[in-house]
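Asker: Got a structure for you, written out below as C-alpha coordinates; questions coming shortly.
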Amino acid sequence: MNRVVIKLGTGLLSAGNGDIRQERISQICSGIDSLKQKGIEVILVSSGAVGLGMGKLGLSVRPKEISLLRACASIGQSELMHAWKSSLSNHNYLASQILLTREDFNEHNRSQKVRETIETLLEKNVVPVVNENDSISDEELKFGDNDVLSALLASITQADFLIILTTAKGLMKSVSSNILVPFVSEITEEIQNMAGGTASSTAVGGMVTKIEAAKVATKSGCAVFIGSGETPGRLPQIIEGQAEGTFFAPAGLALNQRKKWLAFFPSPKGSIEIDQGACQAILENGASLLASGIIRTSGEFDRSEVVSIIDHNGKIIARGICRFASFEIAKIIGLENEAVLQTFNWTKKAEVVHRDFLAPLISKTHPESL
(Lines give C-alpha, C1' and ligand atoms only; values in the text may rest on other atoms or scores of the structure.)
Protein backbone atom coordinates (compact mmCIF):
# COMPACT_ATOMS: atom_id res chain seq x y z
CA MET A 1 0.00 0.00 0.00
CA ASN A 2 1.45 3.32 -1.07
CA ARG A 3 -1.12 6.03 -0.39
CA VAL A 4 -4.16 6.52 1.85
CA VAL A 5 -6.71 9.27 2.27
CA ILE A 6 -8.02 9.73 5.82
CA LYS A 7 -11.27 11.65 6.29
CA LEU A 8 -12.32 12.83 9.76
CA GLY A 9 -15.81 14.02 10.67
CA THR A 10 -16.81 17.08 12.67
CA GLY A 11 -18.08 15.01 15.59
CA LEU A 12 -14.61 13.55 16.14
CA LEU A 13 -12.76 16.84 16.23
CA SER A 14 -15.13 19.37 17.78
CA ALA A 15 -15.68 19.30 21.54
CA GLY A 16 -18.43 21.94 21.32
CA ASN A 17 -18.42 25.58 22.36
CA GLY A 18 -15.71 26.33 19.83
CA ASP A 19 -13.22 23.95 21.43
CA ILE A 20 -11.25 21.30 19.55
CA ARG A 21 -10.31 17.82 20.72
CA GLN A 22 -6.57 18.39 20.70
CA GLU A 23 -5.79 15.09 22.38
CA ARG A 24 -7.67 13.20 19.65
CA ILE A 25 -5.86 15.11 16.92
CA SER A 26 -2.58 14.25 18.63
CA GLN A 27 -3.53 10.55 18.61
CA ILE A 28 -4.42 10.72 14.93
CA CYS A 29 -1.08 12.36 14.16
CA SER A 30 0.71 9.57 16.03
CA GLY A 31 -1.14 7.08 13.83
CA ILE A 32 -0.19 9.05 10.72
CA ASP A 33 3.44 8.93 11.83
CA SER A 34 3.19 5.13 12.15
CA LEU A 35 1.85 4.87 8.60
CA LYS A 36 4.51 7.18 7.20
CA GLN A 37 7.21 5.15 8.93
CA LYS A 38 5.94 2.22 6.83
CA GLY A 39 6.39 4.28 3.68
CA ILE A 40 2.69 5.09 3.26
CA GLU A 41 1.78 8.57 2.03
CA VAL A 42 -1.12 10.24 3.85
CA ILE A 43 -3.64 12.83 2.68
CA LEU A 44 -5.93 14.24 5.39
CA VAL A 45 -9.46 15.47 4.76
CA SER A 46 -10.55 17.28 7.89
CA SER A 47 -14.04 18.54 8.68
CA GLY A 48 -14.73 20.67 11.72
CA ALA A 49 -14.28 24.27 10.63
CA VAL A 50 -17.99 25.16 10.66
CA GLY A 51 -18.54 23.48 14.02
CA LEU A 52 -15.58 25.29 15.58
CA GLY A 53 -16.73 28.62 14.17
CA MET A 54 -20.24 28.04 15.49
CA GLY A 55 -18.84 27.56 18.96
CA LYS A 56 -16.76 30.73 18.77
CA LEU A 57 -19.89 32.67 17.77
CA GLY A 58 -22.03 31.02 20.46
CA LEU A 59 -24.30 29.17 18.01
CA SER A 60 -25.77 25.82 19.05
CA VAL A 61 -27.56 24.98 15.77
CA ARG A 62 -26.01 24.91 12.30
CA PRO A 63 -27.00 28.19 10.57
CA LYS A 64 -29.34 28.09 7.58
CA GLU A 65 -28.26 31.51 6.41
CA ILE A 66 -25.45 30.91 3.90
CA SER A 67 -23.46 34.04 4.74
CA LEU A 68 -23.43 33.13 8.45
CA LEU A 69 -22.43 29.56 7.60
CA ARG A 70 -19.52 30.91 5.55
CA ALA A 71 -18.51 33.17 8.44
CA CYS A 72 -18.43 30.20 10.82
CA ALA A 73 -16.21 28.30 8.39
CA SER A 74 -13.87 31.26 8.02
CA ILE A 75 -13.43 31.54 11.79
CA GLY A 76 -13.13 27.82 12.43
CA GLN A 77 -10.71 27.03 9.62
CA SER A 78 -7.81 28.91 11.21
CA GLU A 79 -8.45 27.11 14.52
CA LEU A 80 -8.54 23.77 12.73
CA MET A 81 -5.29 24.30 10.83
CA HIS A 82 -3.49 25.53 13.93
CA ALA A 83 -4.39 22.28 15.70
CA TRP A 84 -3.16 20.09 12.83
CA LYS A 85 0.00 22.14 12.34
CA SER A 86 0.91 21.90 16.03
CA SER A 87 0.34 18.15 16.33
CA LEU A 88 2.05 17.21 13.09
CA SER A 89 5.08 19.34 13.96
CA ASN A 90 5.56 17.17 17.07
CA HIS A 91 6.43 14.37 14.63
CA ASN A 92 8.55 16.66 12.44
CA TYR A 93 5.99 16.92 9.64
CA LEU A 94 4.87 20.06 7.90
CA ALA A 95 1.15 20.56 7.33
CA SER A 96 -0.28 22.30 4.27
CA GLN A 97 -3.77 23.69 3.80
CA ILE A 98 -5.83 22.99 0.67
CA LEU A 99 -9.38 24.37 0.39
CA LEU A 100 -11.51 23.05 -2.46
CA THR A 101 -14.98 23.41 -3.97
CA ARG A 102 -16.97 21.15 -6.26
CA GLU A 103 -15.92 23.30 -9.23
CA ASP A 104 -12.31 22.25 -8.69
CA PHE A 105 -13.31 18.73 -9.76
CA ASN A 106 -15.75 19.64 -12.52
CA GLU A 107 -13.02 20.97 -14.82
CA HIS A 108 -10.17 18.71 -15.90
CA ASN A 109 -7.51 21.44 -15.81
CA ARG A 110 -8.42 22.45 -12.26
CA SER A 111 -8.54 18.89 -10.95
CA GLN A 112 -5.18 18.27 -12.63
CA LYS A 113 -3.70 21.22 -10.75
CA VAL A 114 -5.09 19.85 -7.48
CA ARG A 115 -3.42 16.51 -8.18
CA GLU A 116 -0.10 18.11 -9.14
CA THR A 117 -0.04 20.23 -5.98
CA ILE A 118 -0.75 17.23 -3.75
CA GLU A 119 1.87 15.12 -5.55
CA THR A 120 4.48 17.81 -4.96
CA LEU A 121 3.58 18.11 -1.28
CA LEU A 122 3.79 14.34 -0.79
CA GLU A 123 7.18 14.26 -2.50
CA LYS A 124 8.36 16.80 0.08
CA ASN A 125 7.02 14.62 2.92
CA VAL A 126 4.36 17.23 3.76
CA VAL A 127 0.92 16.16 5.05
CA PRO A 128 -1.81 17.89 3.00
CA VAL A 129 -4.83 18.87 5.11
CA VAL A 130 -7.83 19.28 2.81
CA ASN A 131 -11.24 20.79 3.56
CA GLU A 132 -14.12 22.13 1.58
CA ASN A 133 -13.86 25.89 1.13
CA ASP A 134 -17.04 26.57 3.10
CA SER A 135 -16.22 30.26 3.42
CA ILE A 136 -17.05 30.76 -0.27
CA SER A 137 -19.09 27.67 -1.27
CA ASP A 138 -22.70 27.95 -2.31
CA GLU A 139 -25.10 25.37 -0.93
CA GLU A 140 -25.51 23.63 -4.30
CA LEU A 141 -21.73 23.15 -4.57
CA LYS A 142 -21.33 21.35 -1.25
CA PHE A 143 -19.83 17.88 -1.10
CA GLY A 144 -21.70 16.61 1.97
CA ASP A 145 -19.52 16.87 5.06
CA ASN A 146 -16.37 16.19 2.99
CA ASP A 147 -17.27 12.54 2.40
CA VAL A 148 -17.60 12.81 -1.38
CA LEU A 149 -14.66 15.25 -1.42
CA SER A 150 -12.45 12.59 0.17
CA ALA A 151 -13.57 10.02 -2.43
CA LEU A 152 -12.87 12.36 -5.34
CA LEU A 153 -9.43 13.08 -3.88
CA ALA A 154 -8.75 9.37 -3.51
CA SER A 155 -9.72 8.93 -7.15
CA ILE A 156 -7.63 11.71 -8.72
CA THR A 157 -4.57 10.94 -6.57
CA GLN A 158 -4.90 7.19 -7.23
CA ALA A 159 -4.93 6.32 -3.53
CA ASP A 160 -5.08 2.67 -2.50
CA PHE A 161 -7.28 3.15 0.53
CA LEU A 162 -9.86 5.67 1.77
CA ILE A 163 -10.41 5.61 5.54
CA ILE A 164 -13.51 7.48 6.73
CA LEU A 165 -13.48 7.92 10.50
CA THR A 166 -16.70 8.98 12.17
CA THR A 167 -18.65 8.64 15.42
CA ALA A 168 -20.35 5.45 14.15
CA LYS A 169 -18.88 1.94 14.29
CA GLY A 170 -19.56 1.52 10.58
CA LEU A 171 -22.55 0.60 8.45
CA MET A 172 -25.33 -1.00 10.46
CA LYS A 173 -27.97 -3.44 9.19
CA SER A 174 -30.56 -0.71 9.78
CA VAL A 175 -30.77 2.74 11.37
CA SER A 176 -32.19 1.22 14.56
CA SER A 177 -29.96 -1.88 14.55
CA ASN A 178 -26.74 -2.44 16.47
CA ILE A 179 -25.56 -5.14 14.04
CA LEU A 180 -22.47 -4.10 12.09
CA VAL A 181 -22.02 -4.95 8.41
CA PRO A 182 -18.30 -5.87 8.34
CA PHE A 183 -17.87 -6.37 4.60
CA VAL A 184 -19.52 -4.99 1.46
CA SER A 185 -18.57 -6.52 -1.87
CA GLU A 186 -20.89 -4.40 -3.99
CA ILE A 187 -22.95 -1.31 -3.12
CA THR A 188 -26.45 -2.42 -4.01
CA GLU A 189 -29.81 -0.78 -3.36
CA GLU A 190 -30.11 -2.92 -0.23
CA ILE A 191 -26.81 -1.53 1.10
CA GLN A 192 -27.88 2.04 0.36
CA ASN A 193 -31.15 1.51 2.21
CA MET A 194 -29.21 0.58 5.35
CA ALA A 195 -27.72 4.08 5.57
CA GLY A 196 -29.31 6.86 7.59
CA GLY A 197 -28.76 10.59 7.80
CA THR A 198 -27.32 12.53 10.73
CA ALA A 199 -28.93 14.05 13.78
CA SER A 200 -25.89 16.18 14.60
CA SER A 201 -26.45 19.93 14.96
CA THR A 202 -23.01 20.73 13.53
CA ALA A 203 -22.59 18.12 10.77
CA VAL A 204 -24.26 17.17 7.52
CA GLY A 205 -24.49 13.96 5.54
CA GLY A 206 -24.32 11.02 7.92
CA MET A 207 -23.97 7.47 6.58
CA VAL A 208 -25.83 8.35 3.36
CA THR A 209 -23.01 10.51 2.04
CA LYS A 210 -20.41 8.02 3.26
CA ILE A 211 -22.00 5.32 1.12
CA GLU A 212 -22.02 7.73 -1.82
CA ALA A 213 -18.32 8.34 -1.19
CA ALA A 214 -17.67 4.60 -1.08
CA LYS A 215 -19.41 4.21 -4.46
CA VAL A 216 -17.14 6.84 -6.03
CA ALA A 217 -13.93 5.48 -4.51
CA THR A 218 -14.49 1.76 -5.09
CA LYS A 219 -15.32 2.35 -8.76
CA SER A 220 -11.88 3.93 -9.16
CA GLY A 221 -10.20 0.87 -7.64
CA CYS A 222 -9.80 2.31 -4.14
CA ALA A 223 -10.81 0.27 -1.10
CA VAL A 224 -12.85 2.03 1.60
CA PHE A 225 -13.10 1.61 5.36
CA ILE A 226 -15.80 3.30 7.43
CA GLY A 227 -15.44 3.04 11.18
CA SER A 228 -15.20 4.76 14.51
CA GLY A 229 -12.55 7.38 15.12
CA GLU A 230 -13.10 7.34 18.87
CA THR A 231 -9.82 5.42 19.19
CA PRO A 232 -7.80 7.04 16.37
CA GLY A 233 -4.53 5.45 17.44
CA ARG A 234 -5.62 2.27 15.66
CA LEU A 235 -4.80 3.52 12.16
CA PRO A 236 -2.12 0.82 11.68
CA GLN A 237 -4.70 -1.85 12.63
CA ILE A 238 -7.12 -0.48 10.03
CA ILE A 239 -4.43 -0.73 7.37
CA GLU A 240 -3.79 -4.34 8.35
CA GLY A 241 -7.47 -5.28 8.26
CA GLN A 242 -7.67 -5.88 12.03
CA ALA A 243 -10.06 -3.11 13.10
CA GLU A 244 -13.81 -3.13 13.65
CA GLY A 245 -15.71 -1.31 10.94
CA THR A 246 -17.11 -1.80 7.44
CA PHE A 247 -14.75 -2.63 4.57
CA PHE A 248 -15.84 -1.92 0.99
CA ALA A 249 -14.00 -3.99 -1.62
CA PRO A 250 -12.48 -2.13 -4.57
CA ALA A 251 -13.67 -2.90 -8.10
CA GLY A 252 -12.00 -3.01 -11.48
CA LEU A 253 -8.55 -4.05 -10.25
CA ALA A 254 -6.03 -6.31 -11.93
CA LEU A 255 -5.66 -9.75 -10.36
CA ASN A 256 -2.35 -9.00 -8.64
CA GLN A 257 -3.86 -5.83 -7.11
CA ARG A 258 -6.97 -7.60 -5.85
CA LYS A 259 -4.94 -10.21 -3.98
CA LYS A 260 -3.56 -7.62 -1.58
CA TRP A 261 -7.06 -7.07 -0.18
CA LEU A 262 -7.66 -10.71 0.74
CA ALA A 263 -6.74 -9.98 4.37
CA PHE A 264 -9.86 -7.82 4.63
CA PHE A 265 -12.22 -10.46 3.26
CA PRO A 266 -14.25 -12.39 5.84
CA SER A 267 -13.77 -16.13 6.19
CA PRO A 268 -15.35 -18.12 3.35
CA LYS A 269 -18.92 -19.24 4.05
CA GLY A 270 -18.73 -22.18 1.69
CA SER A 271 -17.03 -23.52 -1.41
CA ILE A 272 -17.71 -24.04 -5.10
CA GLU A 273 -16.11 -26.97 -6.91
CA ILE A 274 -15.36 -26.31 -10.57
CA ASP A 275 -14.20 -28.37 -13.56
CA GLN A 276 -10.78 -28.27 -15.22
CA GLY A 277 -11.90 -25.92 -17.98
CA ALA A 278 -13.15 -23.35 -15.49
CA CYS A 279 -9.90 -23.66 -13.51
CA GLN A 280 -7.85 -22.89 -16.59
CA ALA A 281 -10.07 -19.98 -17.55
CA ILE A 282 -9.68 -18.41 -14.11
CA LEU A 283 -5.96 -19.04 -13.58
CA GLU A 284 -4.69 -18.51 -17.12
CA ASN A 285 -7.11 -15.98 -18.59
CA GLY A 286 -8.37 -14.08 -15.53
CA ALA A 287 -11.94 -15.07 -16.42
CA SER A 288 -15.09 -14.89 -14.32
CA LEU A 289 -16.65 -18.07 -12.95
CA LEU A 290 -19.73 -19.10 -14.91
CA ALA A 291 -22.40 -21.64 -13.95
CA SER A 292 -21.36 -23.92 -16.81
CA GLY A 293 -18.08 -24.71 -15.04
CA ILE A 294 -19.57 -25.58 -11.63
CA ILE A 295 -19.70 -29.19 -10.40
CA ARG A 296 -21.17 -28.72 -6.92
CA THR A 297 -21.26 -26.43 -3.87
CA SER A 298 -20.54 -27.06 -0.21
CA GLY A 299 -21.94 -25.12 2.75
CA GLU A 300 -24.71 -22.55 2.87
CA PHE A 301 -24.02 -18.96 1.83
CA ASP A 302 -25.99 -15.92 0.73
CA ARG A 303 -25.43 -13.50 -2.12
CA SER A 304 -22.32 -11.29 -1.82
CA GLU A 305 -20.58 -13.63 0.62
CA VAL A 306 -17.03 -14.90 0.19
CA VAL A 307 -16.54 -18.46 -1.03
CA SER A 308 -13.56 -20.68 -1.78
CA ILE A 309 -13.17 -21.90 -5.35
CA ILE A 310 -11.78 -25.46 -5.46
CA ASP A 311 -10.71 -27.80 -8.25
CA HIS A 312 -11.86 -31.42 -8.70
CA ASN A 313 -9.09 -32.56 -6.32
CA GLY A 314 -10.40 -30.33 -3.53
CA LYS A 315 -7.52 -27.82 -3.78
CA ILE A 316 -8.42 -24.17 -3.17
CA ILE A 317 -7.42 -22.19 -6.26
CA ALA A 318 -9.16 -18.87 -5.53
CA ARG A 319 -11.43 -16.91 -3.26
CA GLY A 320 -14.23 -14.75 -4.51
CA ILE A 321 -17.43 -12.91 -3.77
CA CYS A 322 -20.39 -14.90 -5.01
CA ARG A 323 -23.32 -13.16 -6.73
CA PHE A 324 -25.67 -16.06 -5.99
CA ALA A 325 -26.81 -17.81 -2.83
CA SER A 326 -25.93 -21.50 -2.54
CA PHE A 327 -29.55 -22.59 -3.05
CA GLU A 328 -29.69 -20.50 -6.24
CA ILE A 329 -26.53 -22.08 -7.63
CA ALA A 330 -28.13 -25.51 -7.15
CA LYS A 331 -30.67 -24.54 -9.84
CA ILE A 332 -28.08 -23.52 -12.45
CA ILE A 333 -25.13 -25.92 -12.08
CA GLY A 334 -23.75 -26.67 -15.54
CA LEU A 335 -26.09 -24.30 -17.36
CA GLU A 336 -24.95 -21.95 -20.11
CA ASN A 337 -25.37 -18.21 -19.69
CA GLU A 338 -28.67 -17.93 -21.61
CA ALA A 339 -30.28 -20.65 -19.50
CA VAL A 340 -29.14 -18.91 -16.30
CA LEU A 341 -30.67 -15.63 -17.46
CA GLN A 342 -33.96 -17.37 -18.22
CA THR A 343 -33.97 -19.10 -14.82
CA PHE A 344 -33.81 -15.78 -12.97
CA ASN A 345 -35.46 -13.61 -15.64
CA TRP A 346 -32.35 -11.47 -15.98
CA THR A 347 -31.10 -9.59 -19.01
CA LYS A 348 -27.40 -9.19 -18.20
CA LYS A 349 -24.51 -11.65 -18.19
CA ALA A 350 -24.85 -13.84 -15.13
CA GLU A 351 -21.37 -14.50 -13.76
CA VAL A 352 -21.48 -16.52 -10.56
CA VAL A 353 -18.27 -14.83 -9.40
CA HIS A 354 -17.23 -11.82 -11.45
CA ARG A 355 -13.52 -11.52 -12.20
CA ASP A 356 -13.42 -8.10 -10.47
CA PHE A 357 -14.20 -9.94 -7.21
CA LEU A 358 -12.16 -13.09 -7.82
CA ALA A 359 -8.62 -13.47 -6.45
CA PRO A 360 -6.60 -16.54 -7.53
CA LEU A 361 -4.46 -18.12 -4.81
CA ILE A 362 -2.22 -20.13 -7.14
CA SER A 363 -0.58 -19.15 -10.42
CA LYS A 364 -0.09 -20.86 -13.76
CA THR A 365 3.70 -20.97 -13.45
CA HIS A 366 3.86 -21.57 -9.68
CA PRO A 367 1.03 -23.94 -8.73
CA GLU A 368 1.92 -23.88 -5.05
CA SER A 369 -0.16 -21.54 -2.85
CA LEU A 370 0.94 -17.91 -3.00
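Asker: Any idea of the accessible area per residue across the chain, 1.4 Å probe, to the nearest Å²? The partial results should precede the final answer.
Answerer: Values: 16790 Å² over 370 residues.
Result: 45 Å² per residue.
Asker: Applying 1/(1 + (r/R0)^6) with R0 = 25 Å to the Cβ-Cβ distance of Gln342 and Glu300, what FRET efficiency is obtained, to the nearest 0.05?
Answerer: My answer for the efficiency is 0.50.
Asker: If you take the alpha carbon radius of gyration of the chain and divide it by 2.2 N^0.38 Å, what ratio comes out, to two decimals?
Answerer: On the way: Rg = 22.6 Å, N = 370, 2.2 N^0.38 = 20.8 Å.
That works out to 1.09 for the chain.
Asker: Could you sort Thr166, Thr297 by accessible area so the largest value comes first, with the probe set to 1.4 Å?
Answerer: Working: Thr166 20, Thr297 45 Å².
Reading off the accessible areas and sorting them downward yields Thr297, Thr166.
Asker: Using amide H atoms built 1.01 Å from N in the peptide plane, name the residues 5+ places from Ser14, or on other chains, whose amide H lies under 5 Å from its own.
Answerer: Long-range HN contacts for Ser14: Arg21.
Asker: Also: Report in % the part of the accessible area of the chain that belongs to carbon and sulfur, leaving out ligands and nucleic acids; probe 1.4 Å.
Answerer: On the way: 7700 of 16790 Å².
Carbon plus sulfur share of accessible area: 46 percent.
Asker: Counting only residues 5 or more places away or on other chains, whose amide H sits under 5 Å from the amide H of Ser96 once H atoms are built in the peptide plane?
Answerer: Val127, Val129
Asker: Let me ask you something else. When the Cα atoms of segment 45-165 are enclosed in a convex hull and the volume is divided per residue, what value in Å³ results? Before the final figure, lay out the partial values.
Answerer: Details: hull volume 12.8 nm³, N = 121.
In segment 45-165, the Cα convex hull volume per residue is 106 Å³.
Asker: Let me ask another. Could you state the per residue volume, in Å³, of the convex hull enclosing the Cα atoms of segment 1-73? Could you put the intermediate results ahead of the total?
Answerer: On the way: hull volume 6.0 nm³, N = 73.
Hull volume normalised by residue count: 83 Å³.
Asker: Highest mean first, what order results for 303-316, 113-126 on Cβ atoms within 10 Å?
Answerer: Packing order, densest peptide first, comes out as 303-316, 113-126.
Asker: Using the structure shown, select from Lys85/Lys219; Lys38/Lys113; Lys36/Lys113; Lys38/Lys215; Lys7/Lys113; Lys7/Lys124 the pairs with a Cα to Cα distance greater than 31 angstrom. Write out the running numbers ahead of the final one.
Answerer: Values: Lys85/Lys219 33 Å; Lys38/Lys113 28 Å; Lys36/Lys113 24 Å; Lys38/Lys215 28 Å; Lys7/Lys113 21 Å; Lys7/Lys124 21 Å.
From the list (Lys85/Lys219; Lys38/Lys113; Lys36/Lys113; Lys38/Lys215; Lys7/Lys113; Lys7/Lys124), the Cα-Cα distance tops 31 Å for Lys85/Lys219.
Asker: Another question, if that's okay. What residues have an amide H closer than 5 Å to that of Ile317, excluding those fewer than 5 places away on the same chain, when H is modeled at 1.01 Å from N in the peptide plane?
Answerer: Ile309, Ile310, Asp311
Asker: Taking the highest mean first, how do the peptides 16-29, 68-81 order by number of other beta carbon atoms within 10 angstrom per residue? Before the final figure, lay out each step's value.
Answerer: On the way: 16-29: 17.8, 68-81: 20.4.
The packing order, highest mean first, is 68-81, 16-29.
The values are calculated or read from the model by the stated rules, or taken from the named source; none is laboratory data. All values derive from a computational prediction rather than experimental measurement. Don't worry about glycine lacking a Cβ; one is built from the backbone with ideal geometry, like all the others, and counts go over all protein chains shown. Surface accessibility is based on the protein's heavy atoms, side chains included, excluding ligands, DNA and RNA. Shrake-Rupley method; radii C 1.70, N 1.55, O 1.52, S 1.80 Å.
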